[in-house]
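In what follows, a structure is listed as structure tokens, so that the remarks can point back to it.
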Amino acid sequence: MALKIALVAALLMAASVAPPAVSQLTTPPAGSPLIKVNVVVNGTVPCGPGAININLTAAVFANATVVMLCGQDIVGSTVSDRNGMFSLPMAANYTKNLLPELLANCSLVVPTPLSLCNSSLNGTLQAHLQLHSSNLNLGGFVGLFINLIARIFQLMP
């Protein structure tokens, strides 16, 4: 019996520290006011790991699929343009932990085979997110705008 109680307690503790599911990120607590959050993630996909410099002298990955993962869930996707640039708009409902959860638990993954852009590379590109800016709009409706950018893309085997 004591073993069952210890097991249940351990499972409850594990559940309380597990990363939240996407629905937890976008569903406000009961009774809280509904505030719309417009999230936009921007970036440029390189043809390999590393950063794109301001002059775009590094090769870019055109027509690459960019997927946003939060935990194991796909919450959005887009395709880069001919300059490797992408913009991924999403809408969510405000929760007090939305931004910290997005930054801690979400990342961008490029599932398009890297060999299509650079034949000497295998693997997948992945980048974490960084806050670029945010603001509150009270004109017409209460809304929060969060602009995120891709950090440096890393090569994942």
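Odds and ends about this structure:
- Taken along its principal axes, the alpha carbon cloud of segment 64-139 reaches lengths of 48, 26, 17 Å, longest axis first.
- Contour excess over end-to-end distance, with Cα ends at ASN42 and LYS96 and 0.36 nm allotted per residue: 17.2 nm
- Site pair ILE35 and SER115 shows an inter-label distance of 4.8 nm when each label is modelled 7 Å from Cα along Cα→Cβ.
- A Förster distance of 22 Å, applied to the separation of the beta-carbon atoms of SER133 and LEU155, puts the FRET efficiency at 0.20.
- Relative to the current alpha-carbon distance between PHE145 and ASN63, full extension at 0.36 nm per residue lengthens the span by 26.9 nm.
- A simple packing score, the average count of other Cβ atoms within 10 Å per residue, orders the peptides 41-48, 87-94, 101-108 as 41-48, 101-108, 87-94, with the highest score first.
- The protection proxy used here, the mean number of other Cβ atoms lying within 10 Å of each residue, ranks peptides 124-131, 74-81 as follows, highest first: 124-131, 74-81.
None of the figures in this text is laboratory data; all of them are computed from the coordinates on show. None of these values were measured; they are calculated from a predicted model. In this analysis, Cβ positions are derived from the backbone assuming ideal geometry, glycine residues included, and neighbour counts consider all displayed protein chains.
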